[in-house]
1. Go through (1) farther than 20 Å from residue 85 by Cα; (2) modelled with pLDDT of 95 or more; (3) away from ligand 1 (no atom under 15 Å from the Cβ); (4) part of a loop (DSSP other than H, G, I, E, B) for residue 255 and report which single condition fails.
2. So is residue 127 on the phi < 0 side of the Ramachandran plot, free of Cβ contacts under 8 Å to residues at least 24 places away in the same chain and either in a strand (DSSP E or B) or surrounded by fewer than 19 Cβ atoms within 10 Å (Cβ to Cβ) (or both) or not?
3. Across segment 19-38, what is the total count of residues that are touching a Lys or Arg at 6+ places or on another chain (Cβ under 9 Å), free of Cβ contacts under 8 Å to residues at least 60 places away in the same chain and surrounded by fewer than 20 Cβ atoms within 10 Å (Cβ to Cβ)?
4. Has segment 87-100 got at least one residue that is surrounded by 18 or more Cβ atoms within 10 Å (Cβ to Cβ) and either within 11 Å of ligand 1 (Cβ to nearest atom) or under 20 Å from residue 272 (Cβ atoms) (or both)?
5. Would you confirm whether any residue within segment 290-297 is touching a Lys or Arg at 6+ places or on another chain (Cβ under 7 Å) and either open to solvent by 40 Å² or more (accessible area, probe 1.4 Å) or more than 16 Å from ligand 2 (Cβ to nearest atom) (or both)?
6. Which numbered condition trips up residue 150, out of (1) part of a helix (DSSP H, G or I); (2) in contact (Cβ under 8 Å) with a residue 12 or more places away in the chain?
7. So if I check each of 386, 360, 316, which one is farther than 30 Å from residue 26 by Cα, in contact with a Gly (Cβ under 8 Å, 6 or more places away or on another chain) and among the hydroxyl-bearing types (Ser, Thr, Tyr)?
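The values are calculated or read from the model by the stated rules, or taken from the named source; none is laboratory data. All values derive from a computational prediction rather than experimental measurement. Because the Cβ atoms are built from the backbone with ideal geometry, glycine has one as well, and the counts that use them run over all protein chains shown. Surface areas here come from the heavy atoms of the whole protein model, side chains and all, with no ligands, DNA or RNA. Shrake-Rupley method; radii C 1.70, N 1.55, O 1.52, S 1.80 Å.
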Amino acid sequence: MHVLILGHGRHMPATLRALDPSTTVSVLCEIAAVPRVRDLAQVSRLVGVTAGAPVDEWVELARGVHNAAPVDVVAAFGEWLQDVAAAVGEALGARSHAPSTVRDVHDKTRTRAVLAAAGLDDVRRGAVTRVDQAQDVVASVGTPCIVKPGDGVGSRGVTLVERPADAARAFLAATGGRPDAVDAPVVVEEYLVGPQFSVDMVGHGGEHRVLGVVRKYSDPASFVELGHVAPAPVAPDDRDALARAAVAAVTALGVTEGATHTELVLTARGARIIETHLRLGGDDIPRLVEDTTGVVPEREAARSVLRLGPESAPVTDPRGAASAIWFVPARVAGRLVELRGLDAARAADGVVAVDVLRATGADVRPLAESSDRVASVRAVGPDPRTALERARVAAALVRVVVEQDAPAALDALV
Ligand SMILES: Nc1ncnc2c1ncn2[C@@H]1O[C@H](COP(=O)(O)OP(=O)(O)OP(=O)(O)O)[C@@H](O)[C@H]1O
Ligand SMILES: [Mg+2]
(Lines give C-alpha, C1' and ligand atoms only; values in the text may rest on other atoms or scores of the structure.)
(Ligands and ions follow the chains in the order given, each with its own letter.)
Protein backbone atom coordinates (compact mmCIF):
# COMPACT_ATOMS: atom_id res chain seq x y z
CA MET A 1 0.00 0.00 0.00
CA HIS A 2 1.28 3.49 -0.87
CA VAL A 3 0.54 6.10 1.81
CA LEU A 4 1.05 9.78 1.04
CA ILE A 5 1.51 11.73 4.25
CA LEU A 6 0.96 15.49 4.22
CA GLY A 7 3.09 17.22 6.84
CA HIS A 8 6.18 15.74 8.46
CA GLY A 9 4.14 12.86 9.81
CA ARG A 10 5.86 12.50 13.20
CA HIS A 11 6.60 8.79 13.79
CA MET A 12 3.98 7.61 11.31
CA PRO A 13 6.30 6.51 8.48
CA ALA A 14 8.10 4.14 10.87
CA THR A 15 4.87 3.04 12.58
CA LEU A 16 3.20 2.22 9.26
CA ARG A 17 6.19 0.29 7.97
CA ALA A 18 6.65 -1.59 11.22
CA LEU A 19 3.07 -2.83 10.90
CA ASP A 20 3.51 -3.79 7.26
CA PRO A 21 7.03 -3.60 5.77
CA SER A 22 5.60 -3.74 2.25
CA THR A 23 4.07 -0.26 2.81
CA THR A 24 5.50 2.59 0.76
CA VAL A 25 5.45 6.01 2.42
CA SER A 26 5.83 9.30 0.57
CA VAL A 27 5.85 12.65 2.36
CA LEU A 28 4.74 16.03 1.05
CA CYS A 29 5.41 18.86 3.47
CA GLU A 30 6.38 22.49 3.64
CA ILE A 31 10.10 23.05 3.15
CA ALA A 32 10.45 24.25 6.75
CA ALA A 33 9.07 20.91 7.95
CA VAL A 34 11.53 18.82 5.92
CA PRO A 35 14.13 18.65 8.74
CA ARG A 36 11.38 17.34 11.04
CA VAL A 37 10.79 14.23 8.94
CA ARG A 38 12.21 11.81 11.47
CA ASP A 39 13.19 8.60 9.83
CA LEU A 40 14.28 9.15 6.23
CA ALA A 41 15.10 5.47 5.81
CA GLN A 42 11.35 4.78 6.01
CA VAL A 43 10.40 7.35 3.36
CA SER A 44 10.46 6.60 -0.37
CA ARG A 45 9.77 10.15 -1.59
CA LEU A 46 10.03 13.49 0.15
CA VAL A 47 8.73 16.60 -1.58
CA GLY A 48 9.18 20.08 -0.10
CA VAL A 49 6.40 22.58 -0.80
CA THR A 50 6.77 26.36 -0.78
CA ALA A 51 5.40 27.95 2.39
CA GLY A 52 1.85 29.16 1.84
CA ALA A 53 1.48 27.38 -1.52
CA PRO A 54 -2.15 27.19 -2.71
CA VAL A 55 -4.03 23.90 -2.52
CA ASP A 56 -3.73 23.46 -6.30
CA GLU A 57 0.04 23.36 -6.01
CA TRP A 58 -0.12 20.66 -3.33
CA VAL A 59 -2.47 18.72 -5.59
CA GLU A 60 -0.13 19.02 -8.58
CA LEU A 61 2.92 17.96 -6.59
CA ALA A 62 0.92 15.05 -5.15
CA ARG A 63 -0.05 14.14 -8.69
CA GLY A 64 3.66 13.94 -9.51
CA VAL A 65 4.11 11.41 -6.71
CA HIS A 66 0.98 9.56 -7.84
CA ASN A 67 2.33 9.35 -11.41
CA ALA A 68 5.57 7.87 -10.11
CA ALA A 69 3.76 5.33 -7.91
CA PRO A 70 -0.04 5.27 -7.50
CA VAL A 71 -1.14 6.57 -4.09
CA ASP A 72 -3.73 4.53 -2.16
CA VAL A 73 -4.25 6.70 0.93
CA VAL A 74 -3.65 10.37 1.73
CA ALA A 75 -3.39 11.30 5.41
CA ALA A 76 -2.45 14.28 7.57
CA PHE A 77 -1.97 13.26 11.18
CA GLY A 78 -2.07 16.73 12.72
CA GLU A 79 -4.77 19.39 12.46
CA TRP A 80 -3.01 21.37 9.81
CA LEU A 81 -3.16 20.24 6.15
CA GLN A 82 -6.23 18.04 6.73
CA ASP A 83 -8.19 20.16 4.27
CA VAL A 84 -5.35 19.88 1.75
CA ALA A 85 -5.13 16.11 2.31
CA ALA A 86 -8.84 15.78 1.59
CA ALA A 87 -8.51 17.83 -1.61
CA VAL A 88 -5.50 15.76 -2.71
CA GLY A 89 -7.31 12.49 -1.93
CA GLU A 90 -10.30 13.57 -3.97
CA ALA A 91 -8.16 14.72 -6.90
CA LEU A 92 -6.13 11.49 -7.01
CA GLY A 93 -9.07 9.17 -6.31
CA ALA A 94 -7.20 7.91 -3.23
CA ARG A 95 -8.68 7.20 0.20
CA SER A 96 -8.88 10.20 2.54
CA HIS A 97 -11.48 12.03 4.58
CA ALA A 98 -14.12 13.66 2.40
CA PRO A 99 -13.48 17.42 1.95
CA SER A 100 -16.94 18.09 3.41
CA THR A 101 -16.09 16.11 6.56
CA VAL A 102 -12.93 18.13 7.11
CA ARG A 103 -14.82 21.39 6.52
CA ASP A 104 -17.62 20.43 8.89
CA VAL A 105 -15.21 19.33 11.62
CA HIS A 106 -12.95 22.39 11.38
CA ASP A 107 -15.74 24.97 11.41
CA LYS A 108 -17.51 24.85 14.77
CA THR A 109 -20.68 26.45 13.37
CA ARG A 110 -20.91 23.78 10.71
CA THR A 111 -20.17 21.00 13.22
CA ARG A 112 -23.20 21.92 15.32
CA ALA A 113 -25.37 22.40 12.23
CA VAL A 114 -24.54 18.86 11.06
CA LEU A 115 -25.13 17.42 14.54
CA ALA A 116 -28.41 19.30 14.93
CA ALA A 117 -29.62 18.10 11.51
CA ALA A 118 -28.88 14.52 12.66
CA GLY A 119 -30.91 15.08 15.82
CA LEU A 120 -27.78 14.90 17.96
CA ASP A 121 -27.51 18.46 19.23
CA ASP A 122 -29.83 20.91 20.92
CA VAL A 123 -27.26 23.43 22.18
CA ARG A 124 -28.55 27.00 21.83
CA ARG A 125 -26.23 28.83 19.50
CA GLY A 126 -25.59 31.63 17.10
CA ALA A 127 -22.86 32.85 14.79
CA VAL A 128 -21.64 36.39 14.34
CA THR A 129 -19.28 37.95 11.81
CA ARG A 130 -19.22 41.62 12.94
CA VAL A 131 -18.48 43.11 16.32
CA ASP A 132 -21.48 45.43 16.20
CA GLN A 133 -23.81 42.41 15.98
CA ALA A 134 -22.23 40.52 18.87
CA GLN A 135 -24.46 41.93 21.59
CA ASP A 136 -27.68 41.05 19.74
CA VAL A 137 -26.55 37.51 19.05
CA VAL A 138 -25.47 37.02 22.67
CA ALA A 139 -28.82 38.38 23.86
CA SER A 140 -30.71 36.00 21.56
CA VAL A 141 -28.66 32.94 22.62
CA GLY A 142 -28.96 33.96 26.27
CA THR A 143 -26.38 34.21 29.02
CA PRO A 144 -24.23 32.71 30.37
CA CYS A 145 -22.75 31.76 27.00
CA ILE A 146 -19.41 30.98 25.42
CA VAL A 147 -18.00 33.23 22.70
CA LYS A 148 -15.11 31.69 20.76
CA PRO A 149 -13.43 31.62 17.34
CA GLY A 150 -15.29 29.47 14.83
CA ASP A 151 -12.04 27.79 13.81
CA GLY A 152 -10.01 28.18 17.01
CA VAL A 153 -7.37 25.93 18.51
CA GLY A 154 -5.55 25.84 21.81
CA SER A 155 -8.43 27.47 23.72
CA ARG A 156 -7.37 30.83 22.26
CA GLY A 157 -9.94 33.61 22.51
CA VAL A 158 -12.58 31.63 24.45
CA THR A 159 -14.67 33.79 26.79
CA LEU A 160 -17.50 33.03 29.18
CA VAL A 161 -19.95 35.90 28.78
CA GLU A 162 -22.31 36.62 31.69
CA ARG A 163 -23.97 39.78 30.33
CA PRO A 164 -24.78 40.90 26.75
CA ALA A 165 -22.86 44.13 27.46
CA ASP A 166 -19.65 42.05 27.50
CA ALA A 167 -20.33 40.57 24.06
CA ALA A 168 -18.23 43.01 21.99
CA ARG A 169 -15.15 42.49 24.16
CA ALA A 170 -15.54 38.72 23.86
CA PHE A 171 -15.97 38.99 20.07
CA LEU A 172 -12.71 40.94 19.82
CA ALA A 173 -10.96 38.35 22.01
CA ALA A 174 -12.14 35.69 19.54
CA THR A 175 -10.91 37.55 16.46
CA GLY A 176 -7.67 38.81 17.97
CA GLY A 177 -8.98 42.38 17.94
CA ARG A 178 -10.50 42.51 14.44
CA PRO A 179 -14.00 43.96 14.02
CA ASP A 180 -14.81 41.32 11.36
CA ALA A 181 -14.48 37.56 11.62
CA VAL A 182 -12.62 36.71 8.43
CA ASP A 183 -12.08 32.94 8.29
CA ALA A 184 -15.09 31.52 10.13
CA PRO A 185 -17.93 33.23 12.03
CA VAL A 186 -17.41 33.73 15.75
CA VAL A 187 -19.42 31.14 17.66
CA VAL A 188 -21.82 32.08 20.43
CA GLU A 189 -23.22 29.10 22.28
CA GLU A 190 -24.94 28.07 25.44
CA TYR A 191 -22.51 27.57 28.31
CA LEU A 192 -22.65 23.82 28.96
CA VAL A 193 -22.44 23.19 32.68
CA GLY A 194 -20.88 19.98 33.95
CA PRO A 195 -17.69 17.95 34.05
CA GLN A 196 -15.75 17.84 30.79
CA PHE A 197 -14.37 14.80 28.99
CA SER A 198 -12.68 13.72 25.82
CA VAL A 199 -13.11 10.50 23.90
CA ASP A 200 -10.31 9.22 21.67
CA MET A 201 -11.32 6.75 19.01
CA VAL A 202 -10.06 5.14 15.82
CA GLY A 203 -12.39 4.25 12.98
CA HIS A 204 -12.03 0.99 11.08
CA GLY A 205 -14.42 0.83 8.14
CA GLY A 206 -17.05 2.91 9.91
CA GLU A 207 -16.74 1.10 13.26
CA HIS A 208 -15.25 3.46 15.82
CA ARG A 209 -13.17 1.79 18.51
CA VAL A 210 -13.11 3.76 21.76
CA LEU A 211 -9.54 3.88 23.07
CA GLY A 212 -10.13 6.12 26.06
CA VAL A 213 -12.71 8.22 27.88
CA VAL A 214 -10.71 10.86 29.73
CA ARG A 215 -11.78 13.48 32.26
CA LYS A 216 -10.32 16.92 31.75
CA TYR A 217 -9.86 19.86 34.09
CA SER A 218 -9.58 23.40 32.77
CA ASP A 219 -8.67 26.80 34.12
CA PRO A 220 -12.05 28.46 34.83
CA ALA A 221 -10.95 31.84 33.49
CA SER A 222 -9.12 30.95 30.25
CA PHE A 223 -10.55 27.43 29.62
CA VAL A 224 -6.98 26.25 29.02
CA GLU A 225 -6.65 22.58 30.00
CA LEU A 226 -4.81 22.12 33.30
CA GLY A 227 -4.95 18.35 33.45
CA HIS A 228 -6.48 15.08 32.31
CA VAL A 229 -6.99 11.67 33.89
CA ALA A 230 -7.69 8.25 32.38
CA PRO A 231 -9.89 6.41 32.86
CA ALA A 232 -12.43 9.13 33.58
CA PRO A 233 -13.74 8.63 37.13
CA VAL A 234 -17.41 8.25 36.15
CA ALA A 235 -20.15 5.66 36.53
CA PRO A 236 -20.19 3.02 33.76
CA ASP A 237 -23.51 4.39 32.45
CA ASP A 238 -22.03 7.85 32.05
CA ARG A 239 -18.94 6.47 30.38
CA ASP A 240 -21.13 4.60 27.91
CA ALA A 241 -23.24 7.70 27.28
CA LEU A 242 -20.09 9.74 26.54
CA ALA A 243 -18.70 7.08 24.20
CA ARG A 244 -22.05 6.69 22.43
CA ALA A 245 -22.36 10.45 21.92
CA ALA A 246 -18.83 10.62 20.49
CA VAL A 247 -19.44 7.71 18.09
CA ALA A 248 -22.75 9.22 16.95
CA ALA A 249 -21.15 12.63 16.37
CA VAL A 250 -18.19 11.48 14.28
CA THR A 251 -20.45 9.13 12.33
CA ALA A 252 -22.85 12.00 11.55
CA LEU A 253 -19.88 14.06 10.39
CA GLY A 254 -19.00 11.34 7.89
CA VAL A 255 -15.88 9.97 9.56
CA THR A 256 -15.31 6.29 8.85
CA GLU A 257 -11.54 5.86 9.28
CA GLY A 258 -8.73 7.20 11.37
CA ALA A 259 -8.30 8.89 14.70
CA THR A 260 -10.80 11.25 16.31
CA HIS A 261 -10.68 13.25 19.51
CA THR A 262 -14.08 14.46 20.70
CA GLU A 263 -14.65 16.87 23.59
CA LEU A 264 -17.87 16.60 25.59
CA VAL A 265 -19.62 17.94 28.66
CA LEU A 266 -21.79 15.73 30.85
CA THR A 267 -24.69 18.12 31.46
CA ALA A 268 -27.79 17.58 33.56
CA ARG A 269 -29.62 16.67 30.33
CA GLY A 270 -26.93 14.27 29.13
CA ALA A 271 -23.68 14.24 27.16
CA ARG A 272 -23.24 17.21 24.82
CA ILE A 273 -20.46 17.74 22.27
CA ILE A 274 -18.12 20.72 22.40
CA GLU A 275 -16.16 19.83 19.28
CA THR A 276 -14.33 17.02 17.55
CA HIS A 277 -11.01 16.63 15.73
CA LEU A 278 -9.67 14.31 13.04
CA ARG A 279 -6.62 13.36 15.09
CA LEU A 280 -5.71 11.84 18.41
CA GLY A 281 -5.91 13.98 21.53
CA GLY A 282 -3.13 16.40 22.37
CA ASP A 283 -1.75 16.98 25.87
CA ASP A 284 -0.22 13.45 25.86
CA ILE A 285 -3.69 11.89 26.08
CA PRO A 286 -2.45 8.97 23.92
CA ARG A 287 0.14 8.29 26.63
CA LEU A 288 -2.58 8.21 29.31
CA VAL A 289 -4.42 5.68 27.17
CA GLU A 290 -1.26 3.63 26.66
CA ASP A 291 -0.32 3.81 30.36
CA THR A 292 -3.68 2.41 31.40
CA THR A 293 -4.62 -0.01 28.61
CA GLY A 294 -1.43 -0.99 26.80
CA VAL A 295 -3.02 0.11 23.52
CA VAL A 296 -0.80 2.48 21.54
CA PRO A 297 -3.21 4.93 19.89
CA GLU A 298 -0.77 5.99 17.14
CA ARG A 299 -0.37 2.34 16.18
CA GLU A 300 -4.11 1.90 16.13
CA ALA A 301 -4.42 4.95 13.86
CA ALA A 302 -1.77 3.49 11.57
CA ARG A 303 -3.67 0.19 11.47
CA SER A 304 -6.71 2.11 10.28
CA VAL A 305 -4.70 3.71 7.46
CA LEU A 306 -3.50 0.27 6.37
CA ARG A 307 -6.98 -1.24 6.79
CA LEU A 308 -5.64 -3.84 9.23
CA GLY A 309 -8.58 -3.53 11.63
CA PRO A 310 -8.24 -2.99 15.39
CA GLU A 311 -5.34 -4.51 17.33
CA SER A 312 -6.64 -7.66 18.97
CA ALA A 313 -4.48 -7.44 22.10
CA PRO A 314 -2.63 -4.66 23.95
CA VAL A 315 0.95 -4.24 22.74
CA THR A 316 2.54 -2.88 25.92
CA ASP A 317 2.00 -3.67 29.58
CA PRO A 318 -0.23 -1.13 31.34
CA ARG A 319 1.80 1.00 33.75
CA GLY A 320 -1.05 1.55 36.13
CA ALA A 321 -4.80 1.35 36.51
CA ALA A 322 -4.96 5.14 36.09
CA SER A 323 -2.76 7.83 34.57
CA ALA A 324 -2.94 11.61 34.81
CA ILE A 325 -1.18 14.64 33.40
CA TRP A 326 -1.05 18.04 35.10
CA PHE A 327 0.33 21.28 33.67
CA VAL A 328 2.44 23.97 35.28
CA PRO A 329 1.45 27.56 34.41
CA ALA A 330 3.44 30.77 34.87
CA ARG A 331 1.83 33.04 37.45
CA VAL A 332 3.28 36.29 36.09
CA ALA A 333 4.40 37.62 32.71
CA GLY A 334 8.08 38.00 31.94
CA ARG A 335 11.11 36.07 30.77
CA LEU A 336 11.49 32.45 31.86
CA VAL A 337 14.72 32.25 33.83
CA GLU A 338 14.56 28.73 35.18
CA LEU A 339 12.34 25.84 36.18
CA ARG A 340 13.32 24.62 39.64
CA GLY A 341 12.28 21.37 41.23
CA LEU A 342 12.18 19.27 38.05
CA ASP A 343 14.27 16.54 39.64
CA ALA A 344 12.08 16.52 42.75
CA ALA A 345 9.01 16.23 40.50
CA ARG A 346 10.63 13.36 38.58
CA ALA A 347 11.37 11.55 41.84
CA ALA A 348 7.86 12.02 43.25
CA ASP A 349 5.48 9.11 43.79
CA GLY A 350 4.07 7.57 40.63
CA VAL A 351 5.64 10.10 38.25
CA VAL A 352 6.51 8.67 34.83
CA ALA A 353 7.32 11.85 32.88
CA VAL A 354 8.15 15.50 33.48
CA ASP A 355 8.32 17.60 30.32
CA VAL A 356 9.53 21.14 29.87
CA LEU A 357 7.30 22.92 27.36
CA ARG A 358 8.85 26.41 27.21
CA ALA A 359 12.55 27.14 26.70
CA THR A 360 14.61 29.18 29.11
CA GLY A 361 14.57 32.80 27.96
CA ALA A 362 11.08 32.50 26.40
CA ASP A 363 8.45 35.13 27.15
CA VAL A 364 5.85 33.58 29.41
CA ARG A 365 2.56 34.84 30.88
CA PRO A 366 -0.38 33.61 32.92
CA LEU A 367 -2.61 31.19 30.99
CA ALA A 368 -4.39 32.63 27.97
CA GLU A 369 -3.94 29.68 25.60
CA SER A 370 -2.57 26.14 25.78
CA SER A 371 0.88 27.11 24.52
CA ASP A 372 1.35 29.28 27.63
CA ARG A 373 1.82 26.20 29.82
CA VAL A 374 5.48 25.82 30.82
CA ALA A 375 5.78 22.21 31.98
CA SER A 376 3.80 19.02 32.49
CA VAL A 377 3.93 16.09 34.86
CA ARG A 378 2.47 12.66 34.18
CA ALA A 379 1.86 10.16 36.97
CA VAL A 380 0.23 6.77 37.30
CA GLY A 381 -1.65 5.30 40.23
CA PRO A 382 -4.02 2.55 41.32
CA ASP A 383 -7.11 4.72 40.68
CA PRO A 384 -7.89 8.02 38.92
CA ARG A 385 -8.01 10.07 42.11
CA THR A 386 -4.56 8.90 43.22
CA ALA A 387 -3.00 9.37 39.77
CA LEU A 388 -4.41 12.89 39.60
CA GLU A 389 -3.28 13.75 43.09
CA ARG A 390 0.24 12.48 42.36
CA ALA A 391 0.48 14.48 39.14
CA ARG A 392 -0.77 17.62 40.91
CA VAL A 393 1.52 17.20 43.90
CA ALA A 394 4.55 16.70 41.63
CA ALA A 395 3.54 19.63 39.39
CA ALA A 396 3.39 21.83 42.50
CA LEU A 397 7.07 21.02 43.13
CA VAL A 398 8.03 22.80 39.90
CA ARG A 399 8.87 26.45 40.55
CA VAL A 400 8.68 28.78 37.58
CA VAL A 401 11.27 31.52 37.99
CA VAL A 402 10.33 34.54 35.89
CA GLU A 403 12.15 37.82 35.45
CA GLN A 404 9.37 40.36 35.33
CA ASP A 405 9.27 43.19 32.83
CA ALA A 406 10.89 46.32 34.20
CA PRO A 407 8.37 48.69 35.79
CA ALA A 408 7.36 51.71 33.68
CA ALA A 409 9.75 54.64 33.94
CA LEU A 410 8.65 57.27 36.46
CA ASP A 411 8.43 60.00 33.87
CA ALA A 412 5.94 57.88 31.88
CA LEU A 413 3.52 57.88 34.81
CA VAL A 414 0.87 60.54 35.37
N1 LIG B 1 -20.37 25.66 24.94
C2 LIG B 1 -19.43 25.47 25.86
N3 LIG B 1 -19.77 25.25 27.16
C4 LIG B 1 -18.84 25.07 28.12
N5 LIG B 1 -17.53 25.14 27.89
C6 LIG B 1 -17.11 25.37 26.63
C7 LIG B 1 -18.03 25.55 25.54
N8 LIG B 1 -17.32 25.79 24.43
C9 LIG B 1 -16.02 25.76 24.79
N10 LIG B 1 -15.89 25.52 26.10
C11 LIG B 1 -14.64 25.41 26.88
O12 LIG B 1 -13.60 26.06 26.17
C13 LIG B 1 -12.61 25.12 25.76
C14 LIG B 1 -12.08 25.51 24.39
O15 LIG B 1 -13.14 25.50 23.46
P16 LIG B 1 -12.98 24.65 22.11
O17 LIG B 1 -12.59 23.28 22.45
O18 LIG B 1 -14.17 24.84 21.28
O19 LIG B 1 -11.80 25.48 21.44
P20 LIG B 1 -10.33 25.10 20.99
O21 LIG B 1 -9.64 26.38 20.84
O22 LIG B 1 -10.44 24.14 19.89
O23 LIG B 1 -9.74 24.39 22.24
P24 LIG B 1 -8.64 23.28 22.36
O25 LIG B 1 -7.74 23.36 21.16
O26 LIG B 1 -7.99 23.65 23.65
O27 LIG B 1 -9.40 22.00 22.42
C28 LIG B 1 -13.31 23.78 25.78
O29 LIG B 1 -12.41 22.71 25.94
C30 LIG B 1 -14.23 23.95 26.98
O31 LIG B 1 -13.51 23.79 28.19
MG1 LIG C 1 -11.20 22.01 22.09
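1. Going through the list (1) farther than 20 Å from residue 85 by Cα; (2) modelled with pLDDT of 95 or more; (3) away from ligand 1 (no atom under 15 Å from the Cβ); (4) part of a loop (DSSP other than H, G, I, E, B), residue 255 breaks only (1).
2. Numbers: on the phi < 0 side of the Ramachandran plot: yes; free of Cβ contacts under 8 Å to residues at least 24 places away in the same chain: no; either in a strand (DSSP E or B) or surrounded by fewer than 19 Cβ atoms within 10 Å (Cβ to Cβ) (or both): yes.
When the stated conditions are applied, residue 127 does not pass them.
3. Residues flagged as touching a Lys or Arg at 6+ places or on another chain (Cβ under 9 Å), free of Cβ contacts under 8 Å to residues at least 60 places away in the same chain and surrounded by fewer than 20 Cβ atoms within 10 Å (Cβ to Cβ) within segment 19-38 amount to 3.
4. No, segment 87-100 contains no residue that is surrounded by 18 or more Cβ atoms within 10 Å (Cβ to Cβ) and either within 11 Å of ligand 1 (Cβ to nearest atom) or under 20 Å from residue 272 (Cβ atoms) (or both).
5. Within segment 290-297, one or more residues are touching a Lys or Arg at 6+ places or on another chain (Cβ under 7 Å) and either open to solvent by 40 Å² or more (accessible area, probe 1.4 Å) or more than 16 Å from ligand 2 (Cβ to nearest atom) (or both).
6. Here residue 150 meets the rest and fails (1).
7. Values: 360 fails: in contact with a Gly (Cβ under 8 Å, 6 or more places away or on another chain); 316 fails: farther than 30 Å from residue 26 by Cα.
Result of the check over 386, 360, 316: 386.
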